[in-house]
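The values are calculated or read from the model by the stated rules, or taken from the named source; none is laboratory data. Everything numeric here is computed off the predicted structure, so don't read it as measured data. Cβ sites come from the backbone with ideal geometry, for glycine too, and all protein chains shown count toward neighbours. What goes into the accessible areas is simple: the full protein's heavy atoms, side chains included, and nothing from ligands, DNA or RNA. Shrake-Rupley method; radii C 1.70, N 1.55, O 1.52, S 1.80 Å.
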Amino acid sequence: MAKRIGIEVSLAIAEAAKLADVDVVAAYPITPQTHIVEHLAELVANGELDAAYIPVESEHSAMSACLGASAAGARTFTATAGQGLELMHEVLYVASSMQLPVVMAVANRALSAPLSVWGDHSDVMAVRDTGWIQLFVENGQEAVDNVLCAFRIGEDPRVLLPVMIHLDGFHLTHMIEPLLFPEQSQVDKFIPPYQHPMPLHPDRPVTMGAFAPPIIYFETKKAQEVNLEAAKEVILQCWDNFGKTFQRYYSPVECYRSEDARVLLLTMGSFSETAMTAIDKMRGEGREVGLLRLRLWRPFPFDEIRQAVGNAEVLIVLDRALSFGGPGGPVCSEVRSALYSEDKRPKVIGFVGGLGGRDITPAGFEEIVDRGIEISQKGSDQEFEIFGVRE
Amino acid sequence: MRDTNRLIEIRWHGRGGQGAVTSAELVAQAAISEGKYAHAFPSFGPERRGAPVLAFVRISSQQPIRIRAEIAQPDIVVVLDPRLLRIVNVASGLKENGLLVINTRRSFQDIEAELKAKCKLARVNATSIAREILGLPITNTTMIGALVRATGVVELESLLEPLRHRFGRLAERNIKAMQKAYEETLVKE
């Protein structure tokens, strides 16, 4: 039987990594780090988790140590947030290019300056193109479940790619909530042992990530793209299997009261639950509104987005990150681009809100929907709307 | 107030180091152990010892809790430090017929005069109980006893396991402080 306990989501993620029986954790307590790696350090120190905990001197080194561990065939986990993710940046590309299935929980936060430890998706969007599988979670249960799924997906011999689980800083990481933990035996069955086909070993030397002149570099990038695209099928299979095993189902784009909706809102992360509350209220008033929640960010779920949008007339996308001087939010750009080739497509209206920990209440989501509908009818001289800023 | 069929929102006021965040966590864990939905969290941001801090709890026996915003209109406010009344409007946003649970040695009349808020009141001298039983003026577990007495949002027994897990060898003294506060808390409708 699964155990239901009240636990801080950060600690729960560490417990999920323990259930996955990770071999190596390398981490650095940069501000802002979370309790995720702190609790893993405790679990290793107490002898509850048989793993090597490598306290490194920076986030750049944390990811570098993870690469080495994963390349040697160790199941590897780390966590970071905000500025820490930025400091890892160049090493992130190496993990995906060398096909090393590191799993990393990212507590999503704003970026400096001014200094902010509060939540938004600026850090996520800055690592969008690093070649990692990336998914958003909305609550603690989804975080725990998807840490388990991440090992199975990333380490699948058809995939061998690193996976980031994005969870909102504070709104998820600092929340005590009721969570179900599966039995160890169930997890052992769900995640097969990690076997890298050609691990680093002194007796069987291999070269990874070697020098690539123009005659070969491009081919490696094409192969990487093909591989990441193909990973979607394995992700779908994993979620399907997870659902059958644990009775909790996940999909790349989650729909909430979206059938027959003329107006759709699209969100990511923990704000989605707040948005649901707003949708319930508007539906109660007879309004034809629904919600799409983007779970799979990379590989981008083009088909699922098109299908979920259906015959909606207006699609309002809320980003929690801003591409300065650009078209607004990165998610809105991609969704708009995914729909552009469709014969029949909704008007896509972009909003940027909730930066640096600014909350959006259910009433705020109603305002966003009202304003989005107004823009769809009357037009706007702005490329996108900024919501919730004092003028 | 014992009716947890609807969503109940509790805001804790304390100072960094007094354990307001821990209180919130323990109450949520007690509610979860009763099979209810609950969550708890601190006011988001860096913490400083001695500075006013907030912590929040939501409890509902009916459905999962989706709102994660800080609580601006609480049903219940718990105040760990009596001196906060002078520097923080602890009754801010308190719902009509809401309840304030205060650690104080003063009378209901005095508190009402200072607060100028219309609400139900519960009071206990938690500092004195904590000094006597814990040897420290740390009032977080004591004030849980007062909250439970005044509201019944969780059963006192449901807190025993979370307290034992949290405090280890110091648990029994904290449980004693909580029980004494439960007995001594006065409620004025």
From the residues A:Leu296, A:Thr277, A:Gly372, which one has its Cα farthest along the dipole of segment A:259-391 in the positive direction, the dipole being from +1 and -1 charges on Cβ of Lys/Arg and Asp/Glu about the Cα centre?
A:Leu296
List the aspartates and glutamates whose alpha-carbon lies under 13 Å from that of A:Lys344, not counting same-chain residues fewer than 8 positions away?
A:Glu313
Once both axes come from the Cα atoms, what is the angle between helix A:59-71 and the longest principal axis of chain A, in degrees from 0 to 90, rounded to 10?
60 degrees
Determine the relative contact order of chain B: mean sequence separation of Cα pairs under 8 Å and six or more apart, normalised by residue count, in whole percent.
23 percent
If you take the Cα atoms of segment A:255-367, find Rg, then find the Kirkwood Rh from the mean of 1/r over all pairs, what is Rg/Rh?
0.94
What is the spread of the Cα atoms of segment A:3-246 along each of their three principal axes, largest first, in whole Å?
55, 46, 33
I want to check the label-to-label distance for B:Ala69 and B:Arg131. Put each point 7 Å from Cα in the C-beta direction and report it in nm to one decimal.
4.1 nm
Using only the Cα atoms of the protein assembly as shown, build the gyration tensor, take square roots of its eigenvalues as a ≥ b ≥ c, and label the shape rounded, prolate or oblate: rounded if a/c is under 1.5, else prolate if a/b is larger than b/c, else oblate.
oblate
Report Rg (one decimal) and Dmax (nearest whole number) for segment B:93-189, counting Cα atoms only, units Å.
13.8, 42
Under the 7 Å Cα-to-Cβ spin-label approximation, A:Met98 and A:Ala113 lie apart by a distance in nanometres of 3.5 nm
Compute the angle between helix A:271-284 and the longest alpha-carbon principal axis of chain A, please, reported from 0 to 90 degrees and rounded to the nearest 10.
30 degrees
Where does the charge balance sit around B:Leu85 when Lys and Arg score +1, Asp and Glu -1, over other residues with C-beta under 13 Å from its C-beta?
+3
Name the residues whose placed amide hydrogens come within less than 5 Å of the amide hydrogen of A:Gly119, ignoring near sequence neighbours (fewer than 5 apart) on the same chain.
A:Ala110, A:Gly357
Other residues with Cβ under 15 Å from the Cβ of A:Pro213 give, with Lys and Arg +1 and Asp and Glu -1, a net charge of 0
Compute the relative contact order of chain A as a whole-number percentage, counting only Cα pairs closer than 8 Å that sit 6 or more residues apart in sequence.
15 percent
Determine how large the accessible area of B:Arg11 is when every protein chain is in place; take a 1.4 Å probe and give Å² rounded to the nearest 10.
10 Å²
At R0 = 60 Å the Cβ-Cβ FRET efficiency linking A:Lys189 and B:Arg86, nearest 0.05, sits at 0.50
Can you tell me the orientation of helix A:214-246 relative to chain A, as the angle in degrees between its alpha-carbon axis and the longest Cα principal axis, to the nearest 10?
80 degrees
Chains A and B: how much accessible area gets covered up at their contact, both sides added, probe 1.4 Å, in Å² to the nearest hundred?
1800 Å²
Can you pull the accessible area of A:Met268 for me, 1.4 Å probe, Å² to the nearest 10?
10 Å²
Net length gained if the chain between B:Ser61 and B:Ser107 were fully extended (0.36 nm per residue, minus Cα distance)
13.1 nm
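Quick one: putting +1 on the C-beta of Lys and Arg, -1 on the C-beta of Asp and Glu, what dipole do you get for segment A:241-391 around its Cα centre, in Debye to the nearest 20? Walk me through the numbers before you get to the answer.
Values: 20 positive and 23 negative charges, 87 e Å.
In debye, rounded to 20, segment A:241-391 gives about 420.
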Residue (of A:Pro327, A:His196, B:Leu186) at the positive-pole extreme of the protein assembly as shown, dipole from beta-carbon charges:
B:Leu186
Give, as a single signed number, the net charge of other residues whose beta carbon lies under 13 Å from the beta carbon of A:Pro299, with Lys and Arg counted +1 and Asp and Glu -1.
-3
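Which helices count as membrane-span-like in chain B under these terms: full DSSP H, at least 15 Å along the axis by C-alpha, Kyte-Doolittle mean of 0.5 or more?
B:20-33, B:140-151
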Based solely on its DSSP helices, what 222 nm [θ] is calculated for the protein assembly as shown when runs of n ≥ 4 H residues each add -39,500 (n - 2.57) and the sum is averaged over all residues, nearest 500 deg cm²/dmol?
-12500 deg cm²/dmol
Let's see if you can work this out: charge +1 on each Lys and Arg Cβ, -1 on each Asp and Glu Cβ, no other charges. What is the dipole magnitude of the protein assembly as shown about its Cα centre, in debye to the nearest 20?
1560 debye
Per 0.36 nm of contour for each residue apart, how much would the distance between A:Thr361 and A:Arg158 grow if the chain were fully extended, relative to their Cα-Cα spacing?
68.9 nm
How far apart, in nm, are two points set 7 Å out from the Cα along the Cα-to-Cβ line at A:Asp260 and at A:Lys221?
4.9 nm
For segment A:253-386, what relative contact order do you get, as a whole percent, if you take Cα pairs closer than 8 Å and at least 6 residues apart?
27 percent
Tell me whether segment A:306-386 comes out rounded, prolate or oblate; compute the Cα gyration tensor, take square roots of the eigenvalues as a ≥ b ≥ c, and use a/c under 1.5 as the rounded threshold.
prolate
Over all viewing directions the Cα convex hull of segment B:8-188 casts an average projected area in nm² of 9.5 nm²
Using the Cα centre of segment A:121-173 as origin and beta-carbon charges of +1 (Lys, Arg) and -1 (Asp, Glu), tell me which of A:Pro162, A:Leu135, A:Leu148 is placed farthest towards the positive end of the dipole.
A:Pro162
Once the Cβ-Cβ distance between A:Gln377 and A:Gln307 is put in as r, and R0 is 30 Å, what FRET efficiency do you end up with, to the nearest 0.05?
0.70
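Nothing charged except the Cβ atoms of Lys and Arg (+1) and of Asp and Glu (-1): what's the magnitude of the dipole of segment B:1-125 about its Cα centre? Round to the nearest 20 debye.
Details: 19 positive and 12 negative charges, 34 e Å.
With Lys and Arg at +1 and Asp and Glu at -1, about 160 debye.
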If you find the alpha carbon centre of segment B:94-156 and of segment A:197-268, how far apart are they in angstrom?
53 Å
